[in-house]
Structures are given as structure tokens and as C-alpha cells.
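For reference, the structure is listed below as C-alpha cells.
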Amino acid sequence: MRKSLTGVLSLAVLIGTVGATGASAGAATAAEPAATRSSGTAVGGEASTEDIRDRILAIPGMSLIEEKPYAGYRYFILNYTQPVDHRRPSKGTFQQRLTLLHKDVSRPTVFFTSGYNVSTNPSRSEPTQIVDGNQVSLEYRFFTPSRPAPADWSKLDIWQAASDQHRVFTALKKIYDRKWLATGGSKGGMTATYFERFYPKDMDGVVAYVAPNDVNDKEDSAYDRFFRTVGTEECRDKLAGVQREALIRRAPLQKKYKEQAAANGWTFNTVGSLDRAYEATVMDYVWAFWQYSLVADCVDIPADAKKATDDDIWNSVDAISGFSAYVDQGLERYTPYYYQAGTQLGSPDIKQPWLGKLSRYGYQPPRTFVPRSIPMTFDRGAMRDIDRWVKRNARRMMYVNGENDPWSAEPFRLGRGARDSAVYTVPGGNHGAKVSGLPEAQRAKATADILRWAGVAPAAVEDDPAKAKPLAKFDTRLDQRNGEVGRDEATLRP
């Protein structure tokens, strides 16, 4: 893996001139009312002789897909021309989608990544609300439509993705010249960490939520220990009972699965059979419950699985794991994730001893969920390099984990070389753990650090971090509360 990365990405002007005045940008601009295009004072009170949209679209390679109104902000959906291979930028480009929630150029900017597709509806990450700033959100390369054509999958790795972020940051820093923070949850938190590892001079701080750190892909005993003690014994027993019954009743429940597949046009070419897809869904059941739910949600699990009807078992597994997760139509969107899990990120493999010999396939590896036409080779050094770097070099990096989140069983840890960094755990938290869910003293300290890193800590907070609070009010349309987590069909993904 390359570790010295200077100089190779300074070719934005050379690459980016394509598309800035393309048809999509021109059409979108022409459709906007004149008041939106005029110069003068923009949203947030900033004095400008040039409209913020004009400034953004003046960036070589940047084009407008759409602008959506939202009170107090300007919200842009954009495309940016990126090289397919940052090491050989002359070998082709692709359009990468991003969004910009513009508050004011005098405010700090948060660089958000989910590690997957980008949402095209306005939203704020928690750090954006805390610092009352702008937010840039980037779609991860190879998630459609941000996929080169033809797709050379060897160019999907953590360094190439970090280099995408570096070029976007470099381009927008000329406009948004205040402090920048990187953030993301789950795979997005991993992505923010990798960005910091490869480009440590770009960001002024990193806030990574529920980010798994699978240093050794062959050693997953931490997950087995987690599932032995998570939550309550009563809840664990109820979940195990439903999962066992789903495998014991494989024949009648698979009949229902076949009916569902026929009705919805589902196929099973990637995993190889309906039986493999069925078992993969059932094997995810316990993991998915703790990822998305809380102990209080155990009340909804059938109390006596042996006496439950087939429909009760089906409905519980479908509600938590989702029987569409491992059909071709459910997997297609997530091929880039499974590819990365099988080439660099690693993936969990848990024992689940309560199932005895009911499982035919065990936890199936990422290779099962990627079309065979795409070659995969695992790089065992990639995550070791990241882990070593974080322990030795972390500066202004914050990790927020959930106590009851399976993905937090293998977390990032700080070493002696870390400075001005911290790891927090939200009590009882799931995969939606936030700073807002921390105990009061920790919440204030974490909030104060984020404000300080962003350069917007009020004087009172500088004097007493216990007084720290988010600078922007909570907005139910823009913000997620602690414990809320976006739920996708495929469950065993960070």
C-alpha cells in the first residue's frame, strides 16, 4: 500500500475542465429564478459580489444537477469530475456525485461520508449541527451513479476513495476557507479515518461514529464475546429461539420465500441458490437486532418461539433482517461494499453456538455476495496499516461507539502517540450512537472539543467545557437523534 502520497493529486485543473459548463449544469441554471442567480447578500448574511452557486460552478470539473430550497440554507446536488485512478489521472475520469448544504462561507465546514450512496435530500450530521456549519457530503466511488464505465474494480480501494475526498476538499477549500471536520457513521466513520490517515493535513478534526476496525480478518472472537453478554439474558434467549426455529422450519418458510420471490421477481444468481440466501438472512437475525434496536424492543420478539406460528417466525426475521437482502436485486446496490469487505475492510464471522448444527453454510464470506465476474484478492496489510497509524498518529480524532452495537465490538483504540483524541461509548447505544447520547460530562467534553476543533467555541466554553452545547437548534427534518439509525435491506454491513 502506498504511504507517501504527495503531489499526485494536484492535477484538478488538468482533469476538471470537463463538465463545468455541461448540459446538465446549463439546464439546471437556466431553470432557476433570477433572484437565486443574482449577486449580493446570500443566505446566512454573507456579503458577496458573486452568488455562491456561481462560485461553486466556477470550480473546474464541478457541475450542477439540482438546487433544492431549504430554509436557512442553499442545498446543491452536484457532480465533480474525478480521475478513475489518482495515480494515473490521464487514464480516464468519471462523475462523482456530492451534495452541499451551504450555510455561510464564514462558518466551518463538515465533510460527511456514509461510505455508500449520497442522499439527495437535505440533512445534517451531528457535528454540522454542533458547529452550525456547512456540510459537504460525498458519494463513495463505485456506488451508482458514481461509477466509472467500464468499471475497473481494482481502482476501488481506500486510498483511491481518500484521494477523491482530498480533491473535493482542495477544490472547495478556496471558497470555504474556515476550519473543516471529517465525519461519518459506520462505514462512513471508517472512511473519515482512512481520509485522515492518507491526508492528515486536510482536516482540523475527525468525528467517527460506530466505526468497526477489523485489524485481523481471521480473528473474530471479540464478536463471539459480545454476543454472549449483550443486553439481557431474556432478550438473548428470545432472539436465539426465533433464529433456531427459522432454521428448523426451513422447508415451510422457504416455500413462502419462493412465493415472495416469484411475486417480486427476485433471483438468486449471485449467492447461488434460494437456500443460501434464506440462511444468510436468518444468520443475520441476532446481529441485525442489536445493530438497529434497543433492549426495550425485545418486547416485540416472540416470547416462546417453539409455540409461535410460521408466520410469526417469518415476520420477525423479515422485519429485522429482511428477506430481500440477499437476492440479486437487493445485493446489486451494495456490490462495492462487499467487494471492499472481501479485499481490504474485512468482515465478521461469528460462531452462534446456540444454533448447533442447524446451519449449512455458516457466516458466508463477502465473496458469496459479489458476482463471480469481478475478481477479488484480500489485502491483509490494509487494516493493520490503518490501525497502527491511528494508535501512533491520531490528532484531534474522536470515536463514538454504542455499547450494544455489534460493530463496536472491534473498535478503533488510541495508542501512546495519540494527541487531543478520545474514544467514547454510549451506554446501551446501538449503531445510531451519537455524542448526544453520552453521559452529561462526556457529552459536554466531546461537544466542546468539536467546537474547539472547528474554531467556533464560545469564550464561555473555552473557559468551562461543561457549558458546551450545539450551536444550532435540533431540526427534526435535518437531524437524527441518538439511537436513530438508517436501516437498509442488507443487514450485515457497517
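For the pair Lys201 and Asp349 in one chain, pulling the backbone fully straight at 0.36 nm per residue adds 49.7 nm over the alpha carbon distance. Here the dipole of the chain is about 1280 debye; that uses its Cα centre as origin and unit charges on the Cβ of Lys and Arg (positive) and Asp and Glu (negative). Is the shape of segment 182-253 best called rounded, prolate or oblate, per the rule: a/c under 1.5 gives rounded, else a/b larger than b/c gives prolate, else oblate, with a ≥ b ≥ c the square roots of the Cα gyration tensor eigenvalues? Since a/c reaches 1.5 and a/b is larger than b/c, the shape of segment 182-253 is classed as prolate.
Shown here for segment 105-151: chymotrypsin sites (Phe, Trp or Tyr not before Pro) in loop regions (DSSP other than H, G, I, E, B) with at most 10 other Cβ atoms within 10 Å, of which there are none. What trypsin sites (Lys or Arg not before Pro) does segment 194-231 have in DSSP loop regions with at most 13 other beta carbons within 10 Å? Sites meeting the loop and neighbour criteria: Lys201, Lys218. Per residue, the average separation of C-alpha pairs within less than 8 Å and at least 6 apart gives the chain a relative contact order of 15 percent. Close amide-amide hydrogen proximity is noted between Glu66 and Ile77, each under 5 Å apart and 5 or more residues distant or on a separate chain (H modeled in the peptide plane; Pro and chain starts excluded). For the chain, adding -39500 (n - 2.57) for each run of n ≥ 4 DSSP H residues and dividing by the number of residues yields -9500 deg cm²/dmol at 222 nm. Please say if segment 319-470 is rounded, prolate or oblate, where rounded means a/c under 1.5 for a ≥ b ≥ c the square roots of the C-alpha gyration tensor eigenvalues, and otherwise the choice is prolate for a/b larger than b/c and oblate otherwise? Taking the square roots of the gyration eigenvalues as a ≥ b ≥ c, segment 319-470 is prolate. Axis of helix 158-172 versus longest Cα principal axis of the chain: the two differ by about 30°, to the nearest ten degrees.
Using a probe of 1.4 Å on the protein chains alone, the accessible area found for Arg395 is around 100 Å². Label segment 373-433 by shape, choosing from rounded, prolate and oblate, from the square roots a ≥ b ≥ c of the eigenvalues of the Cα gyration tensor; if a/c is under 1.5 it is rounded, and otherwise prolate applies when a/b is larger than b/c, oblate when it is not. It is oblate, given that a/c is not under 1.5 and a/b is not larger than b/c. Peptides 337-345, 79-87, ordered by how many other C-beta atoms sit within 10 Å of their residues on average, highest first, read 337-345, 79-87.
Here Arg396 sits with roughly 90 square angstrom of accessible surface, probe radius 1.4 Å. For the chain, the longest principal axis of the Cα atoms and the long axis of helix 310-320 meet at an angle of about 20 degrees. If the limit is 18 Å between Cα atoms, which of Lys187/Lys473; Lys238/Lys258; Lys255/Lys351; Lys103/Lys179; Lys238/Lys306; Lys68/Lys434 go over it? Table pairs above 18 Å Cα-Cα are Lys187/Lys473; Lys238/Lys258; Lys255/Lys351; Lys68/Lys434. Dipole magnitude for segment 332-427: computed about the Cα centre from +1 point charges on Lys and Arg Cβ and -1 point charges on Asp and Glu Cβ, it is near 300 debye.
The values are calculated or read from the model by the stated rules, or taken from the named source; none is laboratory data. Source: prediction; values computed, not measured. Heads up, the Cβs are rebuilt from the backbone with ideal geometry, glycines too, and the neighbour counts pull from every protein chain shown. The area values use the complete protein model at the heavy-atom level, side chains included, leaving out ligands, DNA and RNA. Shrake-Rupley method; radii C 1.70, N 1.55, O 1.52, S 1.80 Å.
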